[in-house]
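Peer 1: Handing you this structure, nothing more for now.
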Amino acid sequence: MKRAFTVMTCAAALAACSADISEKSRMRLPKTPEAEMEQLDITGIGFGQRGSFRIFNPATGSDEAGGNYVRSAGRAELFDFGGNVGRVEFTLNGDRIDGRLAAFCEYDEADTALSEAIEMTIKPFSYRCKMERDGFPIDAGLEIHARGIGGNERRGEIVFEGERLELRSVHKMKGGGLPSGTPVGYVFMKDGREIGGVDTNGIRTNRIYLPRDPGLQEAAMMASLALAIVWDPQDTLED
């Protein structure tokens, strides 16, 4: 019995350690008062090309929305150079969504080989989305771009039926330490102030820090999903 208890204790300690490491690796929180945003969890995004997801509210224990996604990533010839390309399509509907939203996204970046071991980016990462509601195009779109040749920071915006949110990549984690070379999440900004964001560094769960302003919630959820579902080219270099 003592041996069994020891094994169980070690397993529990390892699980707690793993959870702690996972929490520390999440992006730093948006600089927003807690009263002005709420945390929702995106669950169900696995490792495959297609699947379904849900947006879960841990405070109420209920689902707020859900949908399906399809995605791909690979290599292609771009501008006579090698390049990374990818696509994402997803739908979203639920209690907080008017009708059924859909997004159609694609990204590209081009590089050239300087030697067998060294490549140089000549066209930075660029990601774009168009959106629909109930099968009809709407005045909504997302664009985000890496800044400069070889730059890690990404900036862009989502424009959604008259609302505009600025998007900026986050490279600092909750646990501190050196910034990540690739984004661990994104913050949403309006009028120069952070109002929410999305953590994209989760293994089984990604977090949305959703603005409580009802007029911004659809835009924030669509941006969150577009950024959480996409296969980043940095994650597929070794595939």
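The values are calculated or read from the model by the stated rules, or taken from the named source; none is laboratory data. No experiment lies behind these values; they were computed from the predicted model shown. Virtual Cβ from ideal backbone geometry, glycine too; neighbours counted across all protein chains shown. The accessibility values were calculated without ligands, DNA or RNA, using every heavy atom of the protein model including side chains. Shrake-Rupley method; radii C 1.70, N 1.55, O 1.52, S 1.80 Å.
Peer 1: Looking only at the range 124-150, filter to residues that are open to solvent by 30 Å² or more (accessible area, probe 1.4 Å) and under 21 Å from Gly197 (Cβ atoms); which one of those is modelled with the lowest pLDDT?
Peer 2: Checking each candidate, the answer is Arg147.
Peer 1: Out of all the residues in the range 52-67, which are in contact with a Lys or Arg (Cβ under 7 Å, 6 or more places away or on another chain) and surrounded by fewer than 18 Cβ atoms within 10 Å (Cβ to Cβ)? Show your work before the answer.
Peer 2: Residues of the range 52-67 that are in contact with a Lys or Arg (Cβ under 7 Å, 6 or more places away or on another chain), as a first pass: 63-66.
Correct list: Asp63 only.
Peer 1: Also, I was wondering about something else. Just to be sure I understand, how many residues within the range 157-188 are part of a strand (DSSP E or B) and crowded, with 21+ Cβ neighbours inside 10 Å? Don't jump to the end; show me each part of the working.
Peer 2: We begin by selecting, within the range 157-188, every residue part of a strand (DSSP E or B); these are 157-160, 163-170, 173, 185-188.
Checking the rest, the ones that are also crowded, with 21+ Cβ neighbours inside 10 Å come to 158, 160, 165, 167, 169-170, 185-188.
The total comes to 10.
Peer 1: Does the range 65-77 include one or more residues that are within 26 Å of Met189 (Cβ to Cβ), touching a strand residue (DSSP E or B) at 6+ places or on another chain (Cβ under 9 Å) and either at pLDDT below 95 or of a type in the set (Gly, Ala, Ser) (or both)?
Peer 2: Scanning the range 65-77 turns up at least one residue that is within 26 Å of Met189 (Cβ to Cβ), touching a strand residue (DSSP E or B) at 6+ places or on another chain (Cβ under 9 Å) and either at pLDDT below 95 or of a type in the set (Gly, Ala, Ser) (or both).
Peer 1: Which one of the conditions (1) at pLDDT below 95; (2) farther than 30 Å from Lys174 by Cα; (3) part of a strand (DSSP E or B); (4) open to solvent by 30 Å² or more (accessible area, probe 1.4 Å) does Gly83 fail to meet, given that it meets all the rest?
Peer 2: (4)
Peer 1: Would it be correct to say that Thr60 is touching a residue at least 12 places away in the same chain (Cβ under 8 Å), farther than 25 Å from Met189 by Cβ and hydroxyl-bearing (Ser, Thr, Tyr)?
Peer 2: Details: touching a residue at least 12 places away in the same chain (Cβ under 8 Å): no; farther than 25 Å from Met189 by Cβ: yes; hydroxyl-bearing (Ser, Thr, Tyr): yes.
The answer is no for Thr60.
Peer 1: How many residues are open to solvent by 30 Å² or more (accessible area, probe 1.4 Å), modelled with pLDDT of 95 or more and either aliphatic (A, V, I, L, M) or under 17 Å from Lys174 (Cβ atoms) (or both) if we restrict to the range 201-222?
Peer 2: 1
Peer 1: Evaluate the range 230-237: report whether one residue or more is at pLDDT 95 or above and either over 17 Å from Ile42 (Cβ atoms) or within 12 Å of the chain's Cα centre (by Cα) (or both).
Peer 2: Within the range 230-237, the first condition is being at pLDDT 95 or above, and the residues that meet it are 230.
Filter again for either over 17 Å from Ile42 (Cβ atoms) or within 12 Å of the chain's Cα centre (by Cα) (or both), leaving 230.
Yes.
Peer 1: Further question: Restricting attention to the range 86-123, report how many residues are within 18 Å of Ala146 (Cα to Cα) and at pLDDT below 85.
Peer 2: The number of residues fulfilling the criteria is 8.
Peer 1: Looking only at the range 25-51, count how many residues are open to solvent by less than 60 Å² (accessible area, probe 1.4 Å) and assigned to a strand (DSSP E or B).
Peer 2: Here the count works out to 8.
Peer 1: Right, Glu143: in contact with a Lys or Arg (Cβ under 7 Å, 6 or more places away or on another chain), more than 21 Å from Phe104 (Cα to Cα) and of a type in the set (Asp, Glu) or not? If you could, list the steps in order and put the result at the bottom.
Peer 2: Numbers: in contact with a Lys or Arg (Cβ under 7 Å, 6 or more places away or on another chain): yes; more than 21 Å from Phe104 (Cα to Cα): no; of a type in the set (Asp, Glu): yes.
It is false that Glu143 is in contact with a Lys or Arg (Cβ under 7 Å, 6 or more places away or on another chain), more than 21 Å from Phe104 (Cα to Cα) and of a type in the set (Asp, Glu).
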